[in-house]
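Every number here is computed from the coordinates shown, using simple stated rules; none is lab data. Note that the structure is predicted; figures quoted are calculated from it, not measured. Virtual Cβ from ideal backbone geometry, glycine too; neighbours counted across all protein chains shown.
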Amino acid sequence: MTERAILPWSDIELPEGLSARLYDGIGPLPDEGLDEVEVYVLPYDSGAEPTKLIARLPSLKLVQSLSAGVEKLIPLVPAGVKLANGRGLHDLSVAEHALALIHASQRDLPRWFAQQASASWEREHTRSLADSRVLLVGHGSIGQAIERQLAAAEAIVTRVASTARPSERVHGVSELAELLPSADIVVLILPETPSTMGLFGAAELAALPDGALVVNVGRGSAIDTEALTAETVSGRLRAALDVVDPEPLPAGHPLWTAPGVIITPHIAGGSASFHPRAKRLVTEQLRRYAAGEEPLNLVSGKDG
């Protein structure tokens, strides 16, 4: 049977009549048996190499990404080929990580971990998330998942999106100058687009009150790294970052050792909950494809 799909895992239930081959993003790209492939599910978090295969699939009809953000993938998908993203797969994982970063910063966990290593017992009260004023910048599905956890922690949340939605109590980014001075915590969960790159520059960071916490679990390019470094090295602002610009952050960069800065290596979306959720999505997408139905989460190539 001709293999009509390329999948990252072998444990996917295939619909009748659809066969698949395995490519998990490790090792060299496949070089044979590509002419009849119609569906390509990209391996997750495997760098740019797997995307090179797209141009070598002449019968391709559907590309399924397992990432929520596909900005860099869109130009690589040929006209007429459908592209679907992984919307929803990472919502709770990223939300958990965002809350973990906030709690770690507010409760000064790195300090206590260091004291544990030296068997020291020096006590001091810390900040809290409860009753903190949180500016949530980005209100897609991941932002909404973060908001639910913030609400459970009894934080005071102000929503911000690219455009205002007054009926949903969502402010637009054009209102940031008015909102930033009263924020204790800013959480960024933004895609990488021309309008979001450098959105938080020196002026926006300077508008935040002393001691404010900047959390980024979206894309590193949303923050001017030089401006953030200046604000954190001085001790005026704190930061908790799962994404930076550039990535990886070079060894010796001052952000690594700036006071009040926590950095994790872009791992917010990769928790144990990812695989079973992604497997369910891919199984459903293959079923829909075999049945001639519209795939979920289409980004481009929609019929009509």
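Over the range 210-292, all Cα pairs binned in 10 Å intervals from 0 give whole-percent P(r) values of 16, 38, 18, 15, 10, 3, listed from short to long. The residues 184, 45, when put in order of fewest to most other Cβ atoms within 10 Å, stand as 45, 184.
The angle separating the long axis of helix 91-106 from the principal Cα axis of greatest extent in the chain is about 20 degrees. Taking 0.692 mPa s as the viscosity and 37 °C as the temperature, the Stokes-Einstein diffusion coefficient of the range 126-176 based on its alpha-carbon Kirkwood radius rounds to 292 µm²/s. Along its three principal directions, the equivalent ellipsoid of the chain from the Cα gyration tensor extends over semi-axes of 40, 21, 18 Å, largest first.
Using alpha-carbon positions, what is the distance between the centroids of the range 105-173 and the range 224-249, in Å? With the range 105-173 and the range 224-249 each reduced to a Cα centre, they are spaced 17 Å.
Extents of the range 22-101, taken as max minus min of Cα coordinates on every principal axis and listed largest first, are 45, 29, 18 Å. Ellipsoid semi-axes for the range 91-263, based on the Cα gyration tensor and the rule √(5λ), read 25, 19, 15 Å when sorted largest first. Among beta bridges from DSSP that stay inside the chain, the antiparallel ones total about 10%.
Here the Kirkwood formula puts the hydrodynamic radius of the range 1-159 at 19.1 Å, using every distinct Cα pair. Highest mean first, the peptides 169-177, 205-213 sorted by other C-beta atoms within 10 Å per residue fall in the order 205-213, 169-177.
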